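**Student:** The structure follows.
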Protein chains: 2
Amino acid sequence: MIQPLEELVEALCTLPTIGRKSAWRLALHLMERPEQDALKLAESIVRVRQKLTRCKRCYNYSETELCPICSSASRDQKQICVVEKPVDLFAFERSGRYRGVYHILGGVLSPLNGITVDKLRINELSMRIINEQPGELILGLGGSADAETTALYLARIYRQQGIRVTRLARGLPVGMELEYVDQITLSQALNERTDVHYES
Amino acid sequence: MIQPLEELVEALCTLPTIGRKSAWRLALHLMERPEQDALKLAESIVRVRQKLTRCKRCYNYSETELCPICSSASRDQKQICVVEKPVDLFAFERSGRYRGVYHILGGVLSPLNGITVDKLRINELSMRIINEQPGELILGLGGSADAETTALYLARIYRQQGIRVTRLARGLPVGMELEYVDQITLSQALNERTDVHYES
């Protein structure tokens, strides 16, 4: 009916978690707010696509050839955390606990979906390991079957090269009631139980 | 950390219902999808702001001086539905039941919040009524106290001028925003609209 508005709704609908009703609300909000603010969002979208490339070392988004993490003197450059995608890296960064660097795989192995070794940045990781000789490779991958397979695949290769390969602990999420934990998680939490440390 | 990405997240955060976590997910999605698609969204935002103005008759968003509804031969130009904002108009249009035209008030009276008669398009409505001599004025306002007050105010003015003034049937849940009403309820409320009774 109103062509530009409907086109905006269509474009918003392609975003994850945004349905048609939300898209309409967002579109009308973008019409009603000060024009400056709406255009700022448009410019921000253009800018991320035009200014950001990939860090040539870890493949995170970066404005510069080497991303701030890869070029930081305060990060442990010998500890590499392998993650599936940038959003996972940002999750680690938000936790504020990790002081090493990253390697973005670009996915996990999923042969049935055509995601084979050559589709991921595994060769790039192998080259990094040869060049950088890291002390530890942390497999910061998720809990899906494909992620597990990928972790095992990578662990096998790099452990043979004498690299220490670790993965994230499997266990109970913070705040989770025991009765709601699924069986596999509970089994893993039991298998990987740790000694209790307490102040004497 | 990555300036353009953080700026995009900030811009996305200003949208309704988008929190920081959703904003990150959307921002990274906008990086990962084909550049064309991301830029299309940016262009759509720019286009709605640059191409759309207000219809000079009903004040809905329009590309042209007169919106498609106001210039349609298949709509009843003598039946005016007064709504608060464009999103409400689109809710009526989605219901598919209404064949008249609209008048966008731009809000409802709320003296405590500084929304007085002169802040709304009430003078414009009065001019329209003089010029167009509509057969019916439907008050398509929501169920809030301010909306009720506004409906009574408008009913009093225009009924004195001999115009038939109706309002939506009391099928609307108290306090419910019009834009969230489901289509069937809205259709029924439209069908069962009643004459406004007020104390003189």
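Here, each number is a calculation from the coordinates, and none is a lab measurement. Not measured: the values here are computed from a predicted model. Using ideal geometry, Cβ is built from the backbone for each residue, glycine included, and neighbour counts are taken over all protein chains shown.
**Student:** For helix A:122-132, report the angle its Cα long axis makes with the longest principal axis of the Cα atoms of chain A; keep it between 0 and 90° and round to the nearest 10°.
**Tutor:** Compared with the principal axis, the helix lies near 60 degrees.
**Student:** If you fit an axis through the alpha-carbon atoms of helix A:86-95 and take the longest principal axis of the Cα set of chain A, what angle between them do you get, 0 to 90°, nearest 10?
**Tutor:** It is inclined by approximately 70 degrees.
**Student:** Pairs of Cα atoms under 8 Å, at least six residues apart: use those to get the relative contact order of chain A, whole percent. It would help to have the intermediate numbers written out before the result.
**Tutor:** Working: 210 pairs, mean separation 24.6, N = 200.
That works out to 12 percent.
**Student:** Rounded, prolate or oblate: which fits the stretch A:3-51, taking a ≥ b ≥ c as square roots of the Cα gyration tensor eigenvalues, rounded meaning a/c under 1.5, else prolate when a/b beats b/c? Write down the numbers at each step before the final one.
**Tutor:** Details: a/c = 2.03, a/b = 1.28, b/c = 1.60.
Note, shape of the stretch A:3-51 comes out oblate.
**Student:** Pop a pseudo-label 7 angstrom from the Cα along the beta-carbon direction at both residue B:113 and residue A:194 and give the gap in nm to one decimal.
**Tutor:** 5.1
**Student:** Same structure again: Using a 7 Å offset from Cα along the direction of the beta-carbon, what are the separations from residue A:188 to the same position in each other copy, nm, ascending?
**Tutor:** Computed spacing set for this position: 4.9 nm.
**Student:** I'd like the distance separating the alpha-carbon centroids of the stretch A:1-21 and the stretch B:13-67, in whole Å.
**Tutor:** 8
**Student:** Residue by residue through the stretch B:72-82, what is 3J(HN,Hα) from phi via Karplus (6.51 cos²θ - 1.76 cosθ + 1.60, θ = phi - 60°)? Round to whole Hz and write x for glycine and proline.
**Tutor:** Calculated HN-Hα couplings, in order: 8, 6, 8, 9, 6, 6, 9, 10, 10, 9, 8 Hz.
**Student:** Here is a further query. Using 1/(1 + (r/R0)^6) with R0 = 35 angstrom and r between the beta carbons of residue B:184 and residue A:32, what's the FRET efficiency to the nearest 0.05?
**Tutor:** Working: r = 27 Å, r/R0 = 0.78.
Efficiency computed from Cβ-Cβ geometry: 0.80.
**Student:** Using amide H atoms built in the peptide plane, which far-off residues or other-chain residues are under 5 Å from residue B:176 H to H?
**Tutor:** Sorted by chain and number, the residues that satisfy this are B:143.
**Student:** For the stretch B:68-93 and the stretch A:167-184, what is the centre-to-centre distance using only Cα atoms, to the nearest Å?
**Tutor:** 54
**Student:** If packing is taken as the average count of other Cβ atoms within 10 Å, what order do A:38-48, B:103-113, A:127-137 fall into, highest mean first? Don't skip to the answer; put the middle values down first.
**Tutor:** Numbers: A:38-48: 20.5, B:103-113: 17.8, A:127-137: 14.6.
Ranked by mean Cβ neighbours within 10 Å, highest first: A:38-48, B:103-113, A:127-137.
**Student:** Ok, one more. In a GNM of chain A with a 10 Å cut-off on Cα contacts, which of A:116, A:185, A:64 has the highest mean-square fluctuation?
**Tutor:** Looking only at A:116, A:185, A:64, the largest GNM fluctuation is found for A:185.
**Student:** Next up: With angles folded into 0 to 90 degrees, how steeply does helix B:145-160 sit against the dominant principal axis of chain B? Use alpha carbons for both and round to 10.
**Tutor:** 40
**Student:** Further, regarding this structure: Which distances, in nm and shortest first, link the residue A:77 label point to the same label point in every other copy, taking 7 Å along Cα→Cβ?
**Tutor:** Spacings between copies for this position, smallest first, are 7.5 nm.
**Student:** At what distance in nm do the modelled label points of residue B:71 and residue A:75 sit from each other, each positioned 7 Å from its Cα along Cα→Cβ?
**Tutor:** 5.6
**Student:** Restricting to lysine pairs 8 or more places apart or on different chains, what number in the protein assembly as shown have Cα atoms under 21 Å apart?
**Tutor:** Close lysine pairs under the 21 Å cut-off: 20.
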